[in-house]
Every structure is written in C-alpha cells, then in structure tokens.
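This report refers to the structure that appears directly beneath it.
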Amino acid sequence: MELNGKNVIITGASRGIGKAVALRLAQEGANIVIAARDQKTLDEAVAEIKKQATGKIIGVSTDVSKLDDLKKLHATAVAKLGEIDVLINNAGVSSQYPFDQQPLEDIERLVHTNYLGYVRLIRLVIPAMIARKQGAIINMVSGSTLVDPVPRTFVTYSSIKVGLRAFLKGLFWEMRDHGIKITSILPGVVDTDLTDKLENIAQEQRDRLMSANSVVDMVMFALSVPPNACPLELAVINQQTPWTKPVIDYSQKQAK
Ligand SMILES: NC(=O)c1ccc[n+]([C@@H]2O[C@H](COP(=O)([O-])OP(=O)(O)OC[C@H]3O[C@@H](n4cnc5c(N)ncnc54)[C@H](OP(=O)(O)O)[C@@H]3O)[C@@H](O)[C@H]2O)c1
C-alpha cells in the first residue's frame, strides 16, 4: 500500500509501540489521528511526530475502554481526515496477579481496554471500508497467546488476548470477501513502559527485550504486501529468552 496521503487511526500512540508506528507512518507521508488518555503525553507525542511528518497529525484524547470515546475518536478522524484507510488497534494495558488476588475492577479494565477497545473500534470503521471495498486493520495482540496454557499470573491478560486473536482470525475470513485486510501482530517482550515494571529479571534477560522498531517492521510488512495478499498473523519473538517459549526445561535419558 502506498502510504503517502493515506488516513490512519492509531490507538495508544502516545508512547511505546504505538508511537514508534506513528513515527514511521508519519515519515511515509500518512495523515494520522493518534489516540491516548493522558492529554500531556499525547500533546508531546503529537509535537514530536509532527516534526517528521508531511501529512496531518492530530491527537484525540480517548479512553478506548469507553464506547462514547471510541465514537468520538472515529467521528473526529473522519471529519478531520476523511475516510479511514488503516486502523491500528494498539492501546492496551498489562497486569500481573495470581488470579485469586486480582481485583475485580482490574479484570473489568482489561476486558474493556484490551478486548472491547479493539472490537468496538473495528465495528465503527468497517462499514465505510466495506462500502469502499478497501482498508487494513492491524491489531497488536501478544506473543503470550502462543503459549498454551497461558502463562501463570498473566491468565486474565493473556486469555483475553487469546480471545482477541480468535476473534480477529474469524474476522479475517469475513472481511476478506470485502477486500479488507485483518492482521494480528504477536509481539514477544518489547522494551516499553508496559514492561519496564518487570521485576526479578536478570540484566542479561533485560538486554534481550526487543525494541519497538522490531514490531514496527512487522506493521510495515503487513502494509507493504500486494493488494491480493494479506498476512493473517505475524509473530515477532525475542531470541534466546525465557519468555514465550513453550519449552520444558529438563531432558530425558537417551535409550540405549
Ligand atoms: N511491550 C510488550 O512487551 C508487549 C508484548 C506483547 C503485546 N503488547 C501489546 O502491545 C500494545 C502496546 O503496548 P506497549 O508496550 O507499547 O504499551 P505502553 O508503552 O504502556 O503504551 C501504551 C499506550 O496505550 C495507551 N493506552 C493505554 N490504555 C489506554 C486506554 N484505555 N485508552 C487509550 N489509550 C490507552 C497509553 O497512553 P495513556 O496511558 O495516556 O492512555 C500509551 O500510549 C498493547 O496492546 C500490549 O498489550 C506489548
């Protein structure tokens, strides 16, 4: 897809992976609406991204866990940019608890942000994409969905991402017939604010965190394939880390 002049919404683009994606798309000449909750961080990100942009860069303060905010985000993006060519669903929160200690409010927050935040915004953008028979929707899921059963103490976060991944896989087939591309990105552990709270990991492991740009490359790949092709899922996983590897750490004696 030629990105110059294309209209893009990116959620959670004031920091981390979303901001890195916004910077790269801005360099390609896209017009971008970026969404996040904290107004100050959002304003700073817009100012930084604008320096590298030739297209329009607009910040819309949004809490993706709230349906009214999503409706306002979509309406503002269409009013200021025109029809949306690309949606990048990325805003997400992480949380780690033994399940019996996880606050009920935290479970609600994860479902509303990491599942409904994605599904509802897709539902808002697709009618116009279907009418135009084009569009791409790229979704930040998680490499933790590759581990079965989902990792201990990440049971709620990861199982919601598993559900999201299943939804997107089904949607891929429904939307394919309308010319709309649906792609899930499954990142391993990335060095962002979301992971800088990790405790008890050795510096050697911390050094193996991926940069956000490894994930940006996957987004750019998804947007660069020919019109008659679409990557359904792209996993970009850290090499040689103890994370997201379904490996049993003991070996059996060889039979003589
Ligand atoms: N980092 C990793 O290792 C990793 C691995 C796999 C998958 N992922 C996924 O990748 C996505 C991005 O992660 P990240 O590491 O870049 O996170 P991050 O550095 O914490 O950034 C999260 C972004 O989302 C925004 N956000 C959070 N909650 C929001 C809400 N309710 N409404 C609107 N915006 C919201 C934040 O801004 P405000 O706080 O101001 O709203 C921020 O811009 C998430 O979906 C995450 O689950 C990350």
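Can you pull out every residue in segment 16-56 that is among the β-branched types (Val, Ile, Thr), within 7 Å of the ligand (Cβ to nearest atom) and in contact (Cβ under 8 Å) with a residue 60 or more places away in the chain?
Taking segment 16-56 as the starting set, the residues that turn out to be among the β-branched types (Val, Ile, Thr) are 17, 21, 32-34, 41, 46, 49, 54.
Going one step further and asking which of them are within 7 Å of the ligand (Cβ to nearest atom), we end up with 17, 41.
Matches in segment 16-56: Ile17 only.
Note down all Cβ pairs under 6 Å where the first residue falls in segment 214-233 and is touching a residue at least 24 places away in the same chain (Cβ under 8 Å), the second is assigned to a helix (DSSP H, G or I), and they're at least six residues apart or on different chains.
So the pair list comes out as Val215/Ile17; Val216/Ala20; Val216/Val21; Val216/Arg24; Val219/Val21; Pro231/Ala222; Leu232/Phe172.
Quick one: Val147 ticks every box in (1) more than 17 Å from Ile10 (Cα to Cα); (2) without any contact (Cβ under 8 Å) to a residue 40 or more places away in the chain; (3) surrounded by fewer than 20 Cβ atoms within 10 Å (Cβ to Cβ) except a single one, so which number is it?
That leaves (2) as the condition not met.
Need the failing condition index for Ser144 against (1) in contact with a Pro (Cβ under 9 Å, 6 or more places away or on another chain); (2) within 16 Å of Ala30 (Cβ to Cβ); (3) within 10 Å of the ligand (Cβ to nearest atom), just the number.
Unmet for Ser144, out of (1) in contact with a Pro (Cβ under 9 Å, 6 or more places away or on another chain); (2) within 16 Å of Ala30 (Cβ to Cβ); (3) within 10 Å of the ligand (Cβ to nearest atom): (2).
Could you tell me which of the residues Gly59, Gly135 is away from the ligand (no atom under 15 Å from the Cβ), over 14 Å from the mean Cα position of the chain (by Cα) and surrounded by 18 or more Cβ atoms within 10 Å (Cβ to Cβ)? If you could, list the steps in order and put the result at the bottom.
Details: Gly59 fails: away from the ligand (no atom under 15 Å from the Cβ).
Unique residue meeting the criteria: Gly135.
Name the single residue, out of those in segment 70-105 being more than 21 Å from Val216 (Cβ to Cβ), under 18 Å from the mean Cα position of the chain (by Cα) and not in a loop (DSSP other than H, G, I, E, B), that is farthest from the ligand (Cβ to nearest atom).
His74
Against the conditions (1) aliphatic (A, V, I, L, M); (2) touching a Lys or Arg at 6+ places or on another chain (Cβ under 7 Å); (3) modelled with pLDDT under 95, where does Ala45 fall short? Just the number, please.
The single condition Ala45 does not satisfy is (3).
The values are calculated or read from the model by the stated rules, or taken from the named source; none is laboratory data. None of these values were measured; they are calculated from a predicted model. Cβ coordinates were reconstructed from backbone atoms using ideal geometry, including for glycine residues, and neighbour counts include every protein chain displayed.
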